[in-house]
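The values are calculated or read from the model by the stated rules, or taken from the named source; none is laboratory data. All of these numbers come straight from a predicted model, not from anything done at the bench. Please note: Cβ atoms are built from the backbone with ideal geometry, for glycine as well, and neighbour counts cover all protein chains shown. Areas reflect the complete protein model, heavy atoms only, side chains present, ligands, DNA and RNA absent. Shrake-Rupley method; radii C 1.70, N 1.55, O 1.52, S 1.80 Å.
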Amino acid sequence: MSLSRLSCSLIVASAVAATACRTPAPQDLLTGDAARAVYVAPGHYDEFYAFLSGGYSGQVAVYGLPSGRLLKEIPVFSAFPENGYGYTEENRALLQTTYGMVPWDDTHHPELSQTNGLPDGRWLFINGNNTPRIARIDLTRFETDEIIQIPNSAGGHASPFTTGNSEYVVSATRFSVPVPNSDVPIADYKERFKGTLSFVRADQPGKMDIAFQILMPGYDYDLGHAGKGPSDGWFFFTSYNSEQAYTKLEVNASRNDKDYIAAVHWKLAEQCVKDGKAHRTPAEYDHNYVDEKSRIAVTERKHSVLVLKPEDCPGVVYLIPTPKSPHGVDIDPTGEYIVGGGKLATVIPVHSFTKMQQAIAAKAFDGDLDGIPVLKYEAVLAGEVQHPGLGPLHTEFDGKGYAYTSMFISSEVVKWKLGTWQVVDRAPTYYSIGHLMIPGGDSRQPWGKYLLAMNKITKDRYLPTGPELDQSAQLFDISGGKMRLLLDFPTVGEPHYAQALPASLIRARQVKFLALAGNTNPYVARSEADGGITRSGKAVHVKMIAIRSHFAPDNLEGVMLGDTVYFHVTNIEQDWDIVHGFAVLGMNTANLILLPGETRTLRWVPQEVGVFPFYCTDFCSALHQEMQGYIRVSAPGSNVPLTANTSPKAATQQARMPMNHGSMKGAGR
């Protein structure tokens, strides 16, 4: 039975009002000029950049829309042998945590930086869900430049959602844990486990830090979004497991009819912290960032955070009852409506920010939990979308007064109208849609032309590849009254969420090469004459240049078994997209990929005596195959002199170079 048919059976069995339960034949899916709508002619550009989280790949994948062409995979939390990320001496520190080097994670939610509530194309933030971390990607280079670890947290799921001017990116813990973590009985969950909301200052590259944390009840926090317009200054987080169960959550965390959206007045929290109401608490975490000039990553260890308890800052947090096990919490472009996505709910509740303020003023509370007031559901509710289908997860907006909600169980996208709460259209997806994305769909002014569905299962969509199939993205045209499926394409890893914006906001600012003159790596070689080899005890350092189509030096001798060799290779090209690679026979890390003007270091420990070739791994010219060299490894105690020679070919080219300062033969430096 196909999943869509299974979903329909579930719907019938659940006696839920009809949804569009049908499995159209493939020829029925694409009508009219769908192919033309996604066709981007050779040499032409896509209209949008789309950034999809790579899930358990730990990376971000960049696609062009509407074509669905994969443009790049950006390494973030996982070592990436394709370009040596996480393997070189310059960037290994980016993956450092208090648990040691963690070269893998589970990315979930990319988040574009914003100015005045609009994506601005400066940075992309993304979370590590397993070891709570937030990374900053610089969109002038599409490279990860900064990663901060989140302490007092386990599972950074509701992360990293940004405030309207990227003052903060915010992370909420998925798994409540003892704070600080300690050896306590798990049975003490209700008494001793806590959640944390971490506000990370993010508006200055290289200086991310935890501004403060808010201590919350021990629930599971799922997603978040900042307010905008009238709700600017507030942040909203979904939570489930208000039962505070700690075993068999599938059953025990679904007993309550309603869980909560936590409404957090973050500007008040900020003021309370300034007023000294937060407590400085011991907490170890690492902050890693790349120096702009040397492009060497460094780690700084932090030792404490400021923790704010809600009871010390009255009015900072309210709980909004929301059915049932809510996943998404999404704020419409006006900032008035707060949409919950209860995974097990039969309606989509929409809360009103105006009513929330009125309820707070009138103290329309249903008691409190851990000292946090619980607002009356009816006092805050703007309306409910009736009979939307099964499994509402996440909502985005087109900026034209409509909302689109993904329905996981009934595998469809439901379009409904803000204000009337009436369903106006629905479209099947294939299969089990998680998040969906409209370019700018969580911002003040969405570009409501396309909708991207990210589906968890792709049975029968592509040629089979064994038991495991890639996940799928499906592109819909939402420019008219009815949604229209245009395209589906496989994705990298398991994408959870995506962000997109017009290519024009990024493309014109792209860095095409790194200025060699500004390279401050201590081992930079700006010309062939700068190359050489030196020894410091058992460490041997080789400074080397790469240029079309040779390395210099390219013959190295005097290395002994037991030495550790550091190849410091600089690509001295100053031209767009002239990249070189570097690899050595028998190395047990990864190759280097060197951008124009960049220095990278490969650490190599020879395992036996002999002569070992090295070569360029990135095809760079007609004589790419000739771009190679040798390193000789002798027995310990050998009297072979330490030399770094150029080959006759390279020497000839060297003589033609205007920056030639003489032969490197026997440099021994």
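Structure summary
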{"read-out": "Additional length obtainable on full extension of the chain from residue 463 to residue 386, 0.36 nm per residue less Cα span", "value": "23.9 nm"}
{"read-out": "Hits among lysines - C-alpha to C-alpha of residue 228 under 18 Å, sequence gap 8 or more where chains match", "value": "267, 355, 400"}
{"read-out": "Assigned charges on the beta-carbon of Lys, Arg, Asp, Glu; the range 219-377 dipole about Cα centre (debye)", "value": "120 debye"}
{"read-out": "Reciprocal of mean inverse Cα separation for the range 244-294 (Kirkwood radius, Å)", "value": "16.2 Å"}
{"read-out": "For residue 131, distant residues with modelled amide H under 5 Å away", "value": "106"}
{"read-out": "Euclidean distance between Cα centres, the range 338-379 to the range 499-547, Å", "value": "54 Å"}
{"read-out": "Lys/Arg +1, Asp/Glu -1 at C-beta; the range 200-330 dipole; positive extreme among 256, 323, 226", "value": "226"}
{"read-out": "Helix-only [θ]222 nm of the chain, DSSP H runs n ≥ 4, -39500 (n - 2.57) each, per residue, nearest 500", "value": "-2000 deg cm²/dmol"}
{"read-out": "Which of 542, 552, 596, positive extreme of dipole for the range 540-632 (C-beta unit charges)", "value": "542"}
{"read-out": "Carbon plus sulfur fraction of accessible area for the chain, probe 1.4 Å, in percent", "value": "53 percent"}
{"read-out": "Per-peptide average of other Cβ atoms within 10 Å, ordering 169-181, 631-643 highest first", "value": "169-181, 631-643"}
{"read-out": "Given charges at beta-carbon only (K, R positive; D, E negative), |dipole| of the chain in Debye", "value": "500 debye"}
{"read-out": "Cβ-derived FRET efficiency at R0 25 Å, residue 207 paired with residue 281, nearest 0.05", "value": "0.75"}
{"read-out": "The range 51-144, dipole about Cα centre (Lys/Arg Cβ +1, Asp/Glu Cβ -1), debye to the nearest 20", "value": "140 debye"}
{"read-out": "Residue-level accessible surface for residue 536, protein heavy atoms, 1.4 Å, Å²", "value": "80 Å²"}
{"read-out": "Spatial separation of Cα centroids for the range 210-275 and the range 463-495, in angstrom", "value": "32 Å"}
{"read-out": "Given (1) 36.8; (2) 32.4; (3) 41.6, the label whose value is mean projected area of the Cα convex hull in nm² derived from this model", "value": "(2)"}
{"read-out": "Rg [Å, one decimal], Dmax [Å, integer] - the range 203-322, C-alpha atoms", "value": "17.7, 55"}
{"read-out": "Overall form of the range 97-159 per C-alpha gyration tensor (a/c, 1.5; a/b vs b/c)", "value": "prolate"}
{"read-out": "Kirkwood Rh in Å, taken over all unlike Cα pairs in the range 378-462", "value": "13.3 Å"}
{"read-out": "Packing-based ranking, highest mean first, of 113-120, 622-629, 250-257 given that Cβ atoms within 10 Å are counted", "value": "113-120, 622-629, 250-257"}
{"read-out": "The chain - accessible surface per residue (Å², probe 1.4 Å)", "value": "39 Å²"}
{"read-out": "Where Rh is the Kirkwood radius over Cα pairs, Rg/Rh for the range 119-198", "value": "1.09"}
{"read-out": "Which of 129, 215, 149, positive extreme of dipole for the range 104-258 (C-beta unit charges)", "value": "215"}
